[in-house]
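In what follows, a single structure is set out as structure tokens and then discussed.
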Amino acid sequence: HLVPDEWELFGRFEYIDFDDSLGAMRDDSLSLITVGVVNYIEGHNVKWTNQLIYAMDEVPSGTTSLALVTDGVGEDGQVGFISQIQLLF
């Protein structure tokens with residue numbers, strides 16, 4: 001925690017192996033790195049989350065969630081940003 005009970009850092013690494021289902025022209029895998037911060041404004045009742053996602057490989061069609069778009073063949077290095085506020089009442 002950056003500031004106890006107020007700010008929290010997080011990170012995530014994701015690896016997806018498509019097992020040759022994308023065809024010969026596409027990469028067989030996708031690696032994503034995510035870093036973010038959570039601000040607990042009113043504890044878990046009101047919190048604000050921001051995260052930055054970096055796609056290390058080409059993002060294929062059908063995997064375009066998490067603020068990423070489909071890349072062309074051979075493209076990579078895409079960055080996405082997500083911000084959300086959660087309210088519990």
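Points worth noting:
- Taking 0.36 nm per residue of sequence separation and removing the Cα-Cα distance, the residue 52/residue 37 pair yields an extension gain of 4.5 nm.
- Burial ranking of peptide ranges 35-44, 49-58 (average Cβ count within 10 Å, highest at the top): 49-58, 35-44
Since every read-out is calculated from the coordinates, none of them should be taken as a lab result. Computed from a predicted structure; not experimentally measured. Counting neighbours? That spans all protein chains shown, and the Cβs are built from the backbone with ideal geometry, glycine included.
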